[in-house]
1. List every residue whose amide H lies under 5 Å from the amide H of R119, counting only residues 5 or more places away in sequence or on a different chain, with H placed 1.01 Å from N in the peptide plane.
2. Between region 40-67 and region 162-204, what is the C-alpha centre distance in whole Å?
3. Take region 107-198, compute every pairwise Cα distance, and split them into 10 Å bins from 0; I just need the percent in each bin.
4. What size of dipole, in debye to the nearest 20, comes out for the chain about its Cα centre when the only charges are +1 on Lys and Arg C-beta atoms and -1 on Asp and Glu C-beta atoms?
5. Going by average Cβ neighbours within 10 Å, how do the peptides 14-21, 68-75 rank, with the highest at the top?
6. Give, to the nearest whole percent, the P(r) tail of the chain beyond 29 angstrom, counting all Cα pairs.
7. Would you work out the relative contact order for the chain, in percent, from Cα pairs under 8 angstrom that are 6 or more residues apart?
8. Computing the accessible area with a 1.4 Å probe over protein heavy atoms, can you report the carbon and sulfur percentage for region 133-206?
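The values are calculated or read from the model by the stated rules, or taken from the named source; none is laboratory data. Just so we're clear, the structure is a prediction, and the values are computed from it rather than from any experiment. Note: ideal-geometry Cβ built from the backbone for every residue, glycine included; neighbour counts use all protein chains shown. Each accessible area value is taken on the protein alone, full model and side chains, heavy atoms only, with ligands, DNA and RNA left out. Shrake-Rupley method; radii C 1.70, N 1.55, O 1.52, S 1.80 Å.
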Amino acid sequence: MSWIRERELSLVERLTANILKAGPMPKHVAFIMDGNRRYAQKTHVERQEGHSQGFEKLAETLRWCLNLGIHEVTVYAFSIENFKRSKEEVDGLMELARQKFSRLLTEQENLEKHGVCIRVLGDLTLLPEDLQQVIAKAVVSTRAHNKCFLNVCFAYTSRHEIANAVKEMAWGVEQGLIKSSDVSEVLLSECLYSSNSPNPDLLIRTSGEVRLSDFLLWQTSYSCLVFQSVLWPEYSFWNLCEAVLQYQLSHQSLQELPPSLHRYDHIFLT
Ligand code: FPP
């Protein structure tokens with residue numbers, strides 16, 4: 001299964017997409033892809049198969065996002081907390097990542113056609129060395145593409161990311177590169193792994209859990225949050241449309257926030 005599923009929308013899906021696109025659309029959507037293991041249990045398949053189907057759903061969701069004109073997607077693929085799972089499951093997820101990032105290297109034509117730039121955000125030093133190398137090659141191979149962006153959060157938690165940014169600023173002060181008075185919210189944002197991206201407009205979590213689980217805590221302060229009960233491998237085009245509709249319904253009230261609360265949007269949105 002490749003990173004972007006090649007399948008055209010049906011007539012009714014296209015019609016719905018066009019109706020939605022007449023309203024305000026999120027430019028950047030983040031997903032907490034939750035529920036792979038519950039799906040595996042429900043459908044009596046191995047846990048690893050649940051994660052593989054989770055990847056397939058990601059490829060399908062990316063296609064829908066492109067069809068809807070959503071050009072940036074960020075996904076929570078592996079949390080630092082996930083290292084606490086059984087060795088068998090962690091090894092399985094590392095192997096899945098190894099396969100998919102290696103596969104990415106063979107799919108250059110398709111990724112170039114869509115102009116997809118893939119970034120991996122997280123503390124990659126926590127990963128096995130061979131996986132770090134495959135990821136580095138994959139990221140470099142799509143670096144010049146700029147039509148749409150997929151940010152894969154891997155070995156990531158938001159508090160780790162923020163702590164890392166604080167350490168970077170402290171190092172800068174220590175080395176005399178910046179003054180302590182230069183430390184600010186804007187500088188901290190620039191030291192985050194996500195510094196090249198605008199903040200997500202919409203964050204979607206599947207599987208019915210209503211929490212952020214240490215994902216993009218800084219970046220989603222003013223995002224529209226949508227929690228859906230569907231398990232991630234069962235996610236459908238219609239679930240995505242429903243989430244976008246919820247974004248559109250809340251868009252008016254988000255626009256009414258005082259300008260000071262939009263300051264990061266002003267800095268990052270072009
Ligand atoms: C959460 O469901 C999902 C994960 C911990 C892994 C998500 C990974 C993928 C969808 C594959 C992505 C792979 C690449 C290479 C980008 P869970 O396991 O916590 O399930 P549960 O909530 O039912 O226990």
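1. L150, N151, V152
2. The distance from the Cα centre of region 40-67 to that of region 162-204 comes to 34 Å.
3. Per 10 Å bin, starting at 0, the Cα pair percentages come out as 15, 37, 32, 14, 2.
4. Numbers: 28 positive and 33 negative charges, 61 e Å.
Taking the Cα centre of the chain as origin, the dipole is about 300 debye.
5. Numbers: 14-21: 14.2, 68-75: 20.1.
Packing proxy ranking, top to bottom: 68-75, 14-21.
6. Numbers: 11870 of 36315 pairs.
Cα-Cα pairs of the chain separated by over 29 Å account for 33 percent.
7. Details: 377 pairs, mean separation 69.1, N = 270.
It rounds to 26 percent for the chain.
8. On the way: 2000 of 3710 Å².
Roughly 54 percent, rounded to a whole number.
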